[in-house]
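Notes to accompany the following structure.
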Amino acid sequence: MAELQLDNITKTFDDGGDEIVAVDDVSIDIQDGEFLVLVGPSGCGKSTTLRTIAGLETITDGAIRLGGEVINDKRPQDRDTAMVFQSYALYPHMTVRENMSFGLEESTDLPDDEIRERVTDTAEMMGIAELLDRKPGELSGGQQQRVALGRAIVRNPAAFLMDEPLANLDAKLRAQMRTELQRLQENLDVTTVYVTHDQTEAMTMGDRIAILDDGELQQVGTPLECYHEPSNLFVAGFIGEPSMNTFEAHTDGDRLVAERFEYALSERHEDAIDGDNVVFGIRPEDVEVGSDPDDSHTYEVVVDVVEPKGDENYVHMAFDADRENPETFTATIGGLRRVEAGDTVVVRFPPEAVHLFDGDTGEAVLNRSLDTVEDVEPLL
Amino acid sequence: MRSRILRVLGASDEDDPETAEPDVRTDGGTTSDAAAASGETSRLGQWLDSEFAKSLPFWLPATLLVGLFVYGAIGWNFLISLTDWQGLRQPTYESLDFEMYTRFFDSVFAGGLLSGPQEYWALRNTFVLLVVFTVAALAVGLLLAILVDRDIRFENTFRTIYLLPMSLSFVVTAIFWAWMYNPESGLINQTLGAVGLGSLAQQWISDPQYKLFAVMFALVWQFSGYAMVVYLAGLRAIPSDQYEAAKVDGASLLKMYWRVIVPQLRASTTSAAVVLMVFALKAFDFLYVMFGTRPGPSADILAMMMYRESFGTTNWAYGSAIAMILFALALGVIAPYLYLQFKRGEL
């Protein structure tokens with residue numbers, strides 16, 4: 001158990017003379033026992049970052065510290081980390097018990113009966129005790145996944161590194177393992193770095209999430225920080241499903257002029273903006289559908305497509321429905337509210353929910369106000 | 001197709017709708033009248049229509065050829081081994097018995113060390129060659145494969161270089177190694193002398209102590225490239241995360257290969273071993289070119305002895321018996337492999 005520090009790490013690959021930067025000057029401090037999720041689209045460098053921590057890739061520049069000690073030049077086998085692979089990478093010729101013992105046998109001097117005991121204990125905790133004598137090929141995907149986790153847990157390492165460990169499970173099992181993994185990590189209290197491309201996993205599992213794009217760290221923060229206070233357009237678009245609606249616009253006095261609508265700015269907005277080009281953003285759930293047309297910040301739009309999800313509906317709407325390929329934006333409404341394609345509705349963009357981004361750099365200049373957040377009153 | 005077969009077989013194609021002017025039904029068949037009129041040919045026609053008959057042209061010729069020239073020859077050879085045929089007379093098939101086999105095994109077990117008869121030495125050397133050569137070639141091949149697999153430069157070049165000796169004929173490599181082993185002008189003794197290890201120089205292929213070793217070394221040189229290619233294919237099939245998992249699990253390079261990678265090459269080992277063992281049993285050409293028909297007890301093998309007995313001293317029946325024993329050995333090598341494949345459902 002230890003804290004893990006990534007200090008300005010950079011990793012470049014040489015591709016036939018061209019230098020490709022996979023990880024660009026990334027610094028993250030991961031607290032002891034923290035669950036950090038590295039998230040980003042494919043090719044963003046999140047897996048490479050994880051592999052540099054494991055020692056499977058060497059870093060070009062920077063420092064990795066585990067428990068205060070620089071481990072840059074240590075070989076993977078000398079770093080006290082355990083990794084769970086997306087493919088599980090179980091050794092096919094070994095039984096589950098042998099798979100789980102292997103790491104202890106190779107990395108510690110523990111006597112055989114101690115190893116046996118630890119493996120049995122961990123297997124019981126993971127609910128795979130009855131599988132110990134089977135080979136990986138005889139197990140289901142979910143069972144293999146548990147064995148892979150168990151193999152990492154039994155080592156009791158300073159840090160867990162997980163590379164999309166749930167990606168190969170079906171949706172139901174994945175949701176179940178998500179909570180289970182969280183509970184395990186909380187109980188074990190081992191520093192964990194978890195890589196995923198799935199923003200739902202990132203949001204629900206991490207103590208903090210680090211969002212990477214194109215090798216560069218975009219934001220590190222708690223899931224709700226990243227959701228409500230994205231530091232730039234990329235984070236705003238990546239976190240949240242469906243994505244935040246964004247409209248390019250420019251300022252004109254106290255109004256914001258987008259291609260198909262104008263928005264009256266409040267004082268709070270005006271104070272934040274400097275520069276002419278602004279990107280106007282609003283989350284789908286903040287778009288109020290069916291407002292009173294006389295209210296401020298309301299627009300008449302035409303419903304393009306409705307995606308019913310049961311609990312809620314995703315409504316895709318357009319200002320310019322008359323066009324060939326209308327540019328749509330999305331609103332989510334309750335599952336019991338009915339609206340159909342072709343309907344004309346009034347939507348409202350409430351000023352307190354508006355995000356504003358610098359049109360040139362994409363940096364957030366103003367995030368939604370959280371004044372309206374209310375706590376659920378406990379019953380007792 | 002059917003009408004062609006009928007024509008080939010000279011059979012009547014009366015009920016063929018194309019030629020026989022039948023009462024054609026709308027579904028393209030013929031009416032039962034036409035079929036009944038020629039009951040005999042219709043049964044033949046039915047048989048000719050079956051999958052079995054249709055598949056005949058594809059497998060029958062090959063089966064007949066293989067049956068006659070391979071299995072027929074083996075059978076006949078077995079028959080000869082049961083006779084007492086020798087010399088230049090014709091064989092007689094009146095008294096068939098296993099005398100030749102008992103003679104062989106009696107001699108094997110009668111022999112003491114060193115003074116033993118040729119049967120003992122030939123059998124012993126065959127086994128030594130089979131086991132030591134195979135194990136050595138596999139080990140060298142595995143080592144080469146692992147080295148070549150480690151992302152080295154000029155990988156393809158190395159692969160070709162290592163595999164090249166296998167494409168050479170035994171005749172070429174035997175002559176080549178005879179030169180290498182030449183006590184005076186051979187490269188090995190010359191090199192040893194040049195680096196000051198002249199005392200290690202040996203009469204490699206005339207000293208009985210080193211003869212078999214020298215042969216096996218040359219054969220390993222020739223065939224480890226093959227083992228390497230088989231292993232290389234096996235290594236390529238192992239996903240890279242197996243290596244990574246082992247490393248993260250704390251295994252050293254050696255342990256990683258020994259405990260994680262090599263055990264996963266079992267299938268490669270089996271298939272390479274079978275081929276190598278069969279080659280070992282067939283090492284006749286190599287020895288023949290190097291030593292002639294009398295390599296002496298220390299390098300004699302069954303194949304050589306069979307040749308000597310049959311074509312040297314015209315003990316045809318005895319030679320055949322030795323050939324059958326060799327055949328049994330080859331079967332013993334192949335059978336477990338085939339059984340394994342059969343059990344895995346890959347046959």
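The values are calculated or read from the model by the stated rules, or taken from the named source; none is laboratory data. Since this is a predicted model, take the numbers as computed values, not measurements. When we count neighbours, we look across all protein chains shown, and the Cβ atoms used for this are built from the backbone with ideal geometry, even at glycine. We work out accessible area using only protein heavy atoms, side chains counted, and drop any ligands, DNA or RNA first. Shrake-Rupley method; radii C 1.70, N 1.55, O 1.52, S 1.80 Å.
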Residues of segment B:259-276 satisfying the condition of being among the aliphatic types (A, V, I, L, M), open to solvent by 10 Å² or more (accessible area, probe 1.4 Å) and within 14 Å of chain A (Cβ to nearest Cβ)
B:VAL262, B:ALA267
When you go through (1) in contact with a strand residue (DSSP E or B) (Cβ under 6 Å, 6 or more places away or on another chain); (2) not assigned by TED's automatic domain parsing to the domain that holds A:GLY45 one by one for A:ASP286, which number turns out not to apply?
(1)
Of the residues in segment B:211-247 that are of a type in the set (A, V, I, L, M) and without any contact (Cβ under 8 Å) to a residue 60 or more places away in the chain, the one that is nearest to B:PRO263 (Cα to Cα) is B:ILE238
With criteria (1) free of Cβ contacts under 8 Å to residues at least 40 places away in the same chain; (2) open to solvent by 20 Å² or more (accessible area, probe 1.4 Å); (3) aliphatic (A, V, I, L, M), A:LEU131 comes up short on (2)
Looking only at residues in segment B:248-258 that are crowded, with 16+ Cβ neighbours inside 10 Å and within 17 Å of B:LEU144 (Cα to Cα), which one is nearest to the other protein chains (Cβ to nearest Cβ)?
B:MET256
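For B:MET290, are the conditions met, namely being within 28 Å of B:LEU168 (Cα to Cα) and free of Cβ contacts under 8 Å to residues at least 24 places away in the same chain? Before the answer, list the steps.
Working: within 28 Å of B:LEU168 (Cα to Cα): yes; free of Cβ contacts under 8 Å to residues at least 24 places away in the same chain: no.
Criteria not met by B:MET290.
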Can you find, within segment A:366-380, the residue that is most open to solvent (accessible area, probe 1.4 Å) among those that are over 14 Å from A:CYS226 (Cα atoms) and of a type in the set (A, V, I, L, M)?
A:LEU380
Unmet requirement for A:THR95, which otherwise passes all of (1) within 14 Å of another protein chain (Cβ to nearest Cβ); (2) open to solvent by 50 Å² or more (accessible area, probe 1.4 Å); (3) of a type in the set (S, T, N, Q):
(2)
Check segment A:101-111 and report whether any residue there is without any contact (Cβ under 8 Å) to a residue 24 or more places away in the chain, open to solvent by 20 Å² or more (accessible area, probe 1.4 Å), within 21 Å of B:GLN264 (Cβ to Cβ) and out of contact with any helix residue (DSSP H, G or I) (no Cβ under 6 Å at 6 or more places or on another chain).
yes
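Condition check ((1) more than 14 Å from every other protein chain (Cβ to nearest Cβ); (2) crowded, with 23+ Cβ neighbours inside 10 Å) across all residues:
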site: B:ILE238; (1), (2): no, no
site: B:ALA246; (1), (2): no, yes
site: B:VAL278; (1), (2): yes, no
site: B:PRO295; (1), (2): yes, yes
Residue among B:LEU138, B:LEU164, B:LEU130, B:LEU142 that alone is touching a residue at least 40 places away in the same chain (Cβ under 8 Å), surrounded by fewer than 12 Cβ atoms within 10 Å (Cβ to Cβ) and within 29 Å of the chain's Cα centre (by Cα):
B:LEU164
In segment A:199-241, which residues are within 17 Å of A:ARG178 (Cα to Cα) and of a type in the set (A, V, I, L, M)?
A:ALA202, A:MET203, A:MET205, A:ILE209
Looking at this structure, is A:THR251 open to solvent by 50 Å² or more (accessible area, probe 1.4 Å), over 19 Å from the mean Cα position of the chain (by Cα) and farther than 29 Å from A:ILE30 by Cα?
no
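Within segment A:302-310, is there a residue that is open to solvent by 70 Å² or more (accessible area, probe 1.4 Å), assigned by TED's automatic domain parsing to the domain that holds A:GLY275 and at pLDDT below 90? Outline the logic, then answer.
Of segment A:302-310, the ones open to solvent by 70 Å² or more (accessible area, probe 1.4 Å) are A:307-309.
Remaining after also requiring assigned by TED's automatic domain parsing to the domain that holds A:GLY275: A:307-309.
From the residues that got through so far, the ones that are at pLDDT below 90 too are none.
No; the residues of segment A:302-310 include none that is open to solvent by 70 Å² or more (accessible area, probe 1.4 Å), assigned by TED's automatic domain parsing to the domain that holds A:GLY275 and at pLDDT below 90.
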Could you list, in sequence order, all residues of segment A:57-77 that are over 30 Å from A:LEU169 (Cβ atoms) and at the interface with chain B (Cβ under 8 Å from one of its Cβ atoms)?
A:ARG75
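Could you say which residue among A:ALA54, A:ALA89 is in contact with a Ser or Thr (Cβ under 7 Å, 6 or more places away or on another chain), of a type in the set (Gly, Ala, Ser) and at the interface with chain B (Cβ under 9 Å from one of its Cβ atoms)?
Working: A:ALA89 fails: in contact with a Ser or Thr (Cβ under 7 Å, 6 or more places away or on another chain).
Unique residue meeting the criteria: A:ALA54.
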In this structure, does A:ALA202 turn out to be under 22 Å from A:GLY275 (Cβ atoms), outside any loop (DSSP other than H, G, I, E, B) and either in contact with a Lys or Arg (Cβ under 7 Å, 6 or more places away or on another chain) or of a type in the set (Gly, Ala, Ser) (or both)?
no
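Okay, residues lined up against (1) surrounded by fewer than 14 Cβ atoms within 10 Å (Cβ to Cβ); (2) of a type in the set (Asp, Glu):
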| site | (1), (2) |
| --- | --- |
| A:GLN5 | no, no |
| A:THR10 | no, no |
| A:ILE20 | yes, no |
| A:ASP24 | no, yes |
| A:PHE35 | no, no |
| A:GLY40 | no, no |
| A:CYS44 | no, no |
| A:ILE59 | no, no |
| A:ILE71 | no, no |
Would you check if A:PRO284 is crowded, with 19+ Cβ neighbours inside 10 Å and within 19 Å of A:ALA353 (Cα to Cα)?
yes
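Results for (1) open to solvent by 10 Å² or more (accessible area, probe 1.4 Å); (2) within 30 Å of A:MET317 (Cα to Cα); (3) touching a Leu at 6+ places or on another chain (Cβ under 7 Å), shown as yes or no for each residue.
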| position | (1), (2), (3) |
| --- | --- |
| A:THR191 | no, no, yes |
| A:ALA210 | no, no, yes |
| A:GLY215 | no, no, no |
| A:GLN218 | yes, yes, yes |
| A:PHE247 | yes, yes, no |
Answer yes if at least one residue in segment B:190-210 is farther than 30 Å from B:ILE261 by Cα, modelled with pLDDT under 85, hydroxyl-bearing (Ser, Thr, Tyr) and not in a helix (DSSP H, G or I), and no otherwise.
yes
